[in-house]
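Take a look at the structure set out below.
The values are calculated or read from the model by the stated rules, or taken from the named source; none is laboratory data. Values in this document were obtained by computation on a predicted structure and should not be read as measured data. All Cβ positions, glycine included, derive from the backbone under ideal geometry; neighbour counts span all protein chains shown. Protein only, heavy atoms only, side chains kept; ligands, DNA and RNA dropped before computing areas. Shrake-Rupley method; radii C 1.70, N 1.55, O 1.52, S 1.80 Å.
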Amino acid sequence: MNGTANNVEFVDHPPARVYWLPALVCLLCAAGGAALVWSVRDQLPDPVATHWGADGRPDGFTPLDRVVWTHLAITLGLSLPMIGLGAALKQARSIAPVTAGMGAFLACVFFGGTWTQRGLTTEQVGDEWWSAAVGAVAALVVGALVWLATRASNVVVPASTALPAGAPTVTGPTNGRFAWTGRLVTGKAVYWFFGLASLPVIALVVLFAALGNVGGAIAMAATLLVVVVPFQMMFARITVDSRGVRTVGPIRWVNIPLETIISAEVGRTVSPMGDFGGYGLRGALFDGSRGLVTAEAPTLLVHQAGKPPMYLTVADPDMAAATLNTLLQRQRTGR
């Protein structure tokens, strides 16, 4: 292996739809929910149940004449500021589907939970957990659609593009199938991070089940999946070959086609919490880059055309970078 790291600068300029599309989705969800509740206002109890306790019974109420405005304020007040947060962190593309999904979820929970109380008295209102279930599904569907509409397209690197001066490559013969496979680096901090995130959720599942709040227990069990599923990415294998860079496993967390890669290098040592705000597949704070980060360790840094750089905390990033650059050379020269 020879060569040294050579940075390739990238500045992302997201199109306007990255900002206005999630805002429009949130506004439409809130307006639709408000119109739905307003259309059945004569059938709703007064006051309306707006909060439920651990046992699944309502313990908070809002006067009927204020409930629509309260729900509008909460739905828009919690979702729309996410757009500004994404812009400030230079992660507008990543935050856009989260913003839209949050708007859909909150609208379903607040307006949907109110709509189901039509024809009931205040004393008859029970557990409205289904509105949260519908909201979760709506959030996933809306978030996925917005992600498809706002993601950056793959840009093919011209065959005439040379590797940066000093980019590391593999010396010696590289005939036949040439590839590198390795695991992500993981440390004890990963177990602490996901363990501490799981404990409160598990405790709530047990508490809700003990109190007979079946809906709450189901909702918390579903939330636990959100913690457990990403945990398995910590142990994914990374493959670098003629197809590009990708994770190997049930879920393909990373998939970067070779023809879209400019070059690779050994990146800086990253701190998952300090640089990315957590572990796993994340966007870096304030510089727009992305990463699959599992430990405080040196990284494989992949520069991709038209997209932010990607940091991967792989074992042996030197050989991974050299292998990737050599594959790029072979692809561009036909040898």
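Observations, loosely collected:
- Long-range neighbours under 7 Å by Cβ, at least six apart or interchain, first residue of a type in the set (Val, Ile, Thr) within segment 285-302, second in a loop (DSSP other than H, G, I, E, B): VAL293/TYR279; VAL293/THR313; THR294/VAL185; THR294/THR186; THR294/TYR279; THR294/THR313; THR299/THR313; VAL302/PRO309
- Of all residues in segment 285-310 being assigned to a loop (DSSP other than H, G, I, E, B) and touching a Leu at 6+ places or on another chain (Cβ under 8 Å), the one that is most open to solvent (accessible area, probe 1.4 Å): PHE286
- Residues of segment 44-82 satisfying the condition of being surrounded by fewer than 16 Cβ atoms within 10 Å (Cβ to Cβ) and among the small types (Gly, Ala, Ser): GLY53, ALA54, GLY60, ALA73, GLY77
- Residue list for segment 121-133, filter: among the small types (Gly, Ala, Ser) and in a helix (DSSP H, G or I): SER131, ALA132, ALA133
- Pairs are defined by a Cβ separation below 7 Å, a sequence spacing of at least 6 or placement on different chains, a first member in segment 127-156 that is under 22 Å from VAL18 (Cα atoms), and a second member that is open to solvent by 90 Å² or more (accessible area, probe 1.4 Å); the pairs so defined are ALA149/ARG17; THR150/ARG17.
- The listed residue being open to solvent by less than 30 Å² (accessible area, probe 1.4 Å) and more than 20 Å from the chain's Cα centre (by Cα), out of THR121, THR114, THR99: THR114
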